[in-house]
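S.K.: What follows is a single structure, and I will ask about it in a moment.
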Amino acid sequence: MIKLQNLRKSYTTGNQKLEVLKGLSCHVKEGEIVAIMGSSGSGKSTLLNILGLLDGFDSGEYILAGESMSGLGERAAAKYRSKFLGFVFQSFNLIGFKTAIENVALPLYYQKVSRKERTATAMEYLKKVGLEDWALHLPNQMSGGQKQRVAIARALVAKPKVILADEPTGALDSKTSREVMTLLREINKEGITMIIVTHEHDIAALCDRTILLSDGLIV
Amino acid sequence: MFNRDTWLEIANTVMTHPMRTFLTGLSIALGVFILVVMQGLGFGLQNGVKSQFADDAVNSVWVDSGRTQLSYRGNKANRRIKMRENDVEAMFQQMDTVEVFSRRIRIWGLPMEYRDKQIYFPMRGVDPGHQELENTTLTGGRYISQRDVDEERKVAVVGNNIIEDLYDNADPVGTYLMIQGVQFMVVGTFNDPASRWENKMAYLPFSTAQKIFRNKNSGDVVDQVIVGTGSMPIPETTNMTASLLSWFKERKVVHPDDARGITMENNNEEYERFQNIFMGIELFIWGIGLLTLLAGAVGVANILAIAVKERTKEIGVRKALGASSASVVALVVQESLALMIVSGSAGLVVGVWLLELVSPMIDHEYFKNPQVDYRIALVALAILTLVGVLSGVGPAIRAVSIRPVEALRDE
């Protein structure tokens, strides 16, 4: 599903050029659930951003679902993003003034799906994460675990091939973390590839394998 | 573009910061309000002055004489110029057509008596044409006729003040009025709603007034002559007046540059001068109004910039979820537009309401009927829309350039 070959990425701050990814290569098969671990500064956030088509890279290859992601313009990136990828963030990133169901429906809105269809599909996915009773609640009326589940529903609603999760349990207590991970594994069993960036070993242990990142390279 | 979702979005953003939105909207509303009210007041001023001029027939030339300023051909300065009958006749001959005219004799105050009551009132001896030239509205009886002048009859037409003060509001037509010991029959009454001075006037036939109230030396003196120019266009009137004036000055041996010996005033020019003043006032009003609106627009742009900054994360999330740049721009500009139109309309409504409220309370000679020209209202709204879009552009561009990467960084 995902193939990275000799990926390089540098950031320029002022006159300093910082090379974050130094020729990274890796391969993730379809249906795998993979953890990416590394200390701060290892480049894992950068890697996740590149995988998520939220940022470009300087050189190397990134093949997603058989298509090359090199040199994509903003529009093309947005298109592929909504077609193939779903995101789950550490701080949930739900839109505060929208209800749960509106949040879940948002990706569909940007795919120009009609209102009726959007709402129906969103409800379906809210059911899948067990939150159909909370459809009309606002994010600030929900607990951390519930918000993350809404975010997961949102990530799933456009039927992505890959879900990228950046420390999905980082803001949750251990019990809720386990619940969320269970949910993610269930989703993974339905065939959706998952990449989870984490610094917690217990979370990594629940994945098929772990990719260790250090100083911009896989070790 | 403005579908239900959009409105929900806008409503939400407004509700998040109600006070801030309200204050920004207020500055816009205030700008529009000021523009509308000032425009209405300016209009009222124009109307008032126009109605004053409607009082005096516009197309006329007023010939007057006074004292010379400059010495000329052996004559000293400060010499008194007197127009005489033969001057007037010669002047009429100089003109192509004389449609309406009136000679005038004026005496500032004469004792007028009716039934043991005696009050001083001004008097004018005139020709019948005076009614049209002064735009006198009769309220009873008739005006001075040609026959009155030809036969030197002792008749009078009196103004409203005379009726009030001397006659205690009784109808004077048909009664005898004693003017400086001479009996006159009142044949008509008039009322001039615009001039209190005019209403104190008693009009007599020119010939009668001349004969009775002028001594032998000044028996043929004419104080003033008014000539109607009818439908003659203004440039022609100006030319005619100029050439007539120089002819008359020659005749009475007055220096061509002398501004006081002989004067010929053209009502048209006065009117035109007023028109120019009004145009100036209107430009001024528009200038201020637009500048106020501009200030409001800057305020809106500022607030939008802040709002964009605050919503950086949200915009980043939206972009990550597939939002196009166009939709982000739309998000910002729609809010700006909605804000401007709503607050602008509010300002407009309040401004119009205020003018309507105040309008009947104002009753002044030079101020009538302040009103909003609906074209002005539409223009103001069009400007607002334009400004609203422009205010949104800067912040919108900034919003578009937000990179999801940076926006979503959790550090």
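The values are calculated or read from the model by the stated rules, or taken from the named source; none is laboratory data. Bear in mind that the values here come from a model prediction, so they are computed numbers and not experimental data. All Cβ positions, even for glycine, are placed from backbone atoms using ideal geometry, and neighbour counts span all protein chains on display.
S.K.: Given the options A:L183, A:L138, name the one that is within 25 Å of A:G31 (Cα to Cα) and hydrophobic (A, V, I, L, M, F, W, C).
M.R.: When all the criteria are applied, what remains is A:L183.
S.K.: Ok, one more. Among what's in the range B:130-175 and is more than 34 Å from the chain's Cα centre (by Cα) and among the β-branched types (V, I, T), pick the residue that is nearest to B:V63 (Cα to Cα).
M.R.: B:V149
S.K.: Collect the residues in the range A:78-98 that are surrounded by fewer than 19 Cβ atoms within 10 Å (Cβ to Cβ), touching a residue at least 24 places away in the same chain (Cβ under 8 Å) and more than 7 Å from chain B (Cβ to nearest Cβ), keeping them in residue-number order.
M.R.: A:Y80, A:K83, A:G96, A:K98
S.K.: Could you list all residues from the range A:117-170 that are surrounded by fewer than 22 Cβ atoms within 10 Å (Cβ to Cβ), of a type in the set (K, R) and within 14 Å of another protein chain (Cβ to nearest Cβ)?
M.R.: Within the range A:117-170, just A:K159 meets the criteria.
S.K.: Scan the range A:41-52 residue by residue and report those that are part of a loop (DSSP other than H, G, I, E, B) and at the interface with chain B (Cβ under 9 Å from one of its Cβ atoms).
M.R.: Correct list: A:G52 only.
S.K.: Suppose we keep only residues that are under 30 Å from A:G86 (Cβ atoms) and either without any contact (Cβ under 8 Å) to a residue 24 or more places away in the chain or under 41 Å from the mean Cα position of the chain (by Cα) (or both) within the range B:280-310. Which one would you say is farthest from the other protein chains (Cβ to nearest Cβ)?
M.R.: Kept after step one, since they are under 30 Å from A:G86 (Cβ atoms), are these residues of the range B:280-310: B:307-310.
Right, trim to either without any contact (Cβ under 8 Å) to a residue 24 or more places away in the chain or under 41 Å from the mean Cα position of the chain (by Cα) (or both) and you get B:309-310.
On the way: B:K309: 16, B:E310: 11 Å.
Of everything passing the filter in the range B:280-310, B:K309 is farthest from the other protein chains (Cβ to nearest Cβ).
S.K.: Restricting to the range B:1-32, name every residue that is farther than 19 Å from B:I315 by Cβ and within 11 Å of chain A (Cβ to nearest Cβ).
M.R.: Listed by number, the residues that qualify are B:N3, B:R4.
S.K.: What are the residue pairs meeting all of these: first residue in the range B:1-15, first residue at pLDDT below 75, second residue among the charged types (D, E, K, R), Cβ atoms under 7 Å, and 6 or more apart or on different chains?
M.R.: Close Cβ pairs (under 7 Å, with a partner that is among the charged types (D, E, K, R)) amount to B:T13/B:E335.
Quick grid of which residues meet (1) in contact with a strand residue (DSSP E or B) (Cβ under 7 Å, 6 or more places away or on another chain); (2) assigned to a loop (DSSP other than H, G, I, E, B); (3) at pLDDT 85 or above:
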{"residue": "A:D55", "(1), (2), (3)": "no, yes, no"}
{"residue": "A:I63", "(1), (2), (3)": "yes, no, yes"}
{"residue": "A:G71", "(1), (2), (3)": "no, yes, no"}
{"residue": "A:F87", "(1), (2), (3)": "yes, no, yes"}
{"residue": "A:S91", "(1), (2), (3)": "no, yes, no"}
{"residue": "A:L94", "(1), (2), (3)": "no, yes, yes"}
{"residue": "A:F97", "(1), (2), (3)": "no, yes, no"}
{"residue": "A:I101", "(1), (2), (3)": "no, no, yes"}
{"residue": "A:L108", "(1), (2), (3)": "no, no, yes"}
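S.K.: Please return the ranges of helices (runs of 4 or more DSSP H) entirely within the range B:255-365 where 3 or more residues are of a type in the set (D, E).
M.R.: So the answer is B:267-310.
To keep it simple, each residue is scored yes or no on (1) modelled with pLDDT under 95; (2) surrounded by 14 or more Cβ atoms within 10 Å (Cβ to Cβ); (3) not hydrophobic (A, V, I, L, M, F, W, C).
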site	(1), (2), (3)
B:D148	yes, yes, yes
B:E151	yes, no, yes
B:I162	yes, yes, no
B:A170	yes, no, no
B:V173	yes, yes, no
B:V182	yes, no, no
B:N191	yes, yes, yes
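S.K.: Then there is this: Within the range A:6-17, can one find any residue that is assigned to a strand (DSSP E or B), surrounded by fewer than 17 Cβ atoms within 10 Å (Cβ to Cβ) and among the charged types (D, E, K, R)?
M.R.: Checked the range A:6-17: at least one residue is assigned to a strand (DSSP E or B), surrounded by fewer than 17 Cβ atoms within 10 Å (Cβ to Cβ) and among the charged types (D, E, K, R).
S.K.: Can you tell which of B:R260, B:R214 is of a type in the set (D, E, K, R) and in contact with a Lys or Arg (Cβ under 9 Å, 6 or more places away or on another chain)?
M.R.: Within the list B:R260, B:R214, the selection yields B:R260.
S.K.: State all residues of the range B:116-143 that are over 14 Å from B:M201 (Cα atoms) and surrounded by fewer than 13 Cβ atoms within 10 Å (Cβ to Cβ); if no residue qualifies, say none.
M.R.: Residues satisfying the conditions are B:D116, B:K117, B:Q118.
S.K.: For the structure I just gave you, tell me whether B:G42 is at pLDDT 80 or above, assigned to a helix (DSSP H, G or I) and not aromatic (F, W, Y).
M.R.: The answer is no for B:G42.
S.K.: Tally up the residues in the range A:99-116 that are within 11 Å of chain B (Cβ to nearest Cβ) and of a type in the set (K, R), please.
M.R.: 2
S.K.: Out of B:D64, B:D87, I need the residue that is at pLDDT 85 or above and assigned to a helix (DSSP H, G or I). Which one?
M.R.: B:D87
S.K.: Look at B:V253 and say whether it is closer than 30 Å to B:I107 by Cβ, touching a residue at least 12 places away in the same chain (Cβ under 8 Å), surrounded by 18 or more Cβ atoms within 10 Å (Cβ to Cβ) and not assigned by TED's automatic domain parsing to the domain that holds B:I376.
M.R.: no
S.K.: Quick one: what pairs do we get from the range B:322-334, first residue touching a residue at least 60 places away in the same chain (Cβ under 8 Å) and within 12 Å of chain A (Cβ to nearest Cβ), second outside any loop (DSSP other than H, G, I, E, B) and of a type in the set (G, A, S), C-beta under 6 Å, 6+ apart or different chains?
M.R.: Between residues of the range B:322-334 that are touching a residue at least 60 places away in the same chain (Cβ under 8 Å) and within 12 Å of chain A (Cβ to nearest Cβ) and residues that are outside any loop (DSSP other than H, G, I, E, B) and of a type in the set (G, A, S), the close pairs are B:V328/B:A399.
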